[in-house]
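These notes concern the structure reproduced below.
The values are calculated or read from the model by the stated rules, or taken from the named source; none is laboratory data. Just so we're clear, the structure is a prediction, and the values are computed from it rather than from any experiment. Virtual Cβ from ideal backbone geometry, glycine too; neighbours counted across all protein chains shown. Ligands, DNA and RNA are excluded from the accessible area calculation, which covers all protein heavy atoms including side chains. Shrake-Rupley method; radii C 1.70, N 1.55, O 1.52, S 1.80 Å.
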Amino acid sequence: MRWRKYLAVVTGLLLMVVVVSGCGLTDRLRGDTQPQVKVQVPPPEASVPAPENKVGEPAKTTQVVLYFSDSSGNYLVAEKRSIPAVEGIARATIEELIKGPAPDSKLLPTIPKGTVLKDINIRPDGLARVDFSKELVANHSGGSLGESLTVYSIVNTLTQFPTIKQVQFLVDGQYVQTIAGHVDVSAAMSRNESLIKK
C-alpha cells in the first residue's frame with residue numbers, strides 16, 4: 001500500500017514539473033522575472049533604405065517673355081525669364097512683369113509702382129480680361145509714349161500665349177477709357193509689335 005502512495009506522489013510531482021516547465025514557470029521559480037524571448041535584429045547594413053527625399057528636387061520651370069521699356073523710354077524690349085511652371089501661367093507672368101526688369105538689366109519698368117493684379121480671366125474666344133488695382137492709373141507718370149509702353153507691355157506679354165488673342169483692361173473691377181489720358185483702352189487690345197525694338 002505504501003509503495004502505491006509513494007508512486008502516486010512521485011508521479012504527481014513529475015506531472016507537476018512537466019506542466020510547470022511547459023507554462024514557463026520554471027524560469028520564474030529560478031528567479032528570472034522576465035520570460036526569455038529571442039528577437040532577431042537584422043544587422044545595420046541589412047536595414048531597408050529610407051525613401052529618397054524629393055523636397056530638394058528643383059521645381060519645374062517654364063520660360064516666358066516679358067516686355068519692358070528700353071533705357072530711352074521709346075521702345076519695348078523682350079526679357080526672357082524662367083518662372084515656376086504653374087497652372088495659372090498668365091497670372092504668374094503678369095505678376096513677374098509687375099516686379100520689373102532684372103536688377104542687372106538696363107531696362108525700365110512699365111507698370112506703375114504699387115500696382116497689383118487683382119484678377120485675370122481668359123475666355124474661350126481668346127479674350128483676357130485683366131483687372132488691376134487703382135495704382136495702375138493713379139501712379140502712372142503720364143505721357144502718350146509712356147502710356148503706350150505700359151499698355152502694350154501688358155498686351156504683348158499676354159498674347160505670347162496661344163490661348164490669348166486680345167486683352168481688355170479693368171481697374172478695380174471697372175472698365176476704363178484710358179490709363180493716362182492718351183491711349184483708348186475701352187475696347188479689347190490686340191498685339192502691337194511696332195513698339196518692340198528690333
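For the reader, a short list of remarks on this structure follows.
- The residues of the range 138-198 expose, per residue, 47 Å² of accessible area to a 1.4 Å probe.
- With contacts taken as Cα pairs under 8 Å at a separation of at least 6 residues, the range 96-155 carries a relative contact order of 30 percent.
- Share of carbon and sulfur in the accessible heavy-atom surface of the range 61-124 [1.4 Å probe, %]: 51
- In this calculation the C-beta distance from GLU87 to GLU193 is compared with R0 = 22 Å, giving a FRET efficiency of 0.20.
- Model label sites at GLU95 and LYS80, defined 7 Å from Cα along the beta-carbon direction, differ in position by 2.4 nm.
- Amide H contacts of GLN168 (H built 1.01 Å from N, in plane; Pro and chain starts excluded): ALA128, ARG129, VAL130, MET189 sit under 5 Å, all sequence-distant by 5 or more or on other chains.
- Principal semi-axes in Å for the range 115-187 [√(5λ), Cα gyration tensor, largest first]: 20, 13, 10
- FRET efficiency for the pair GLN177 and THR62, taken as 1/(1 + (r/R0)^6) with r the Cβ-Cβ distance and R0 = 25 Å, rounds to 0.10.
- Atom-type composition of the exposed protein surface of the range 135-198 places 51 percent of the accessible area on carbon and sulfur (1.4 angstrom probe).
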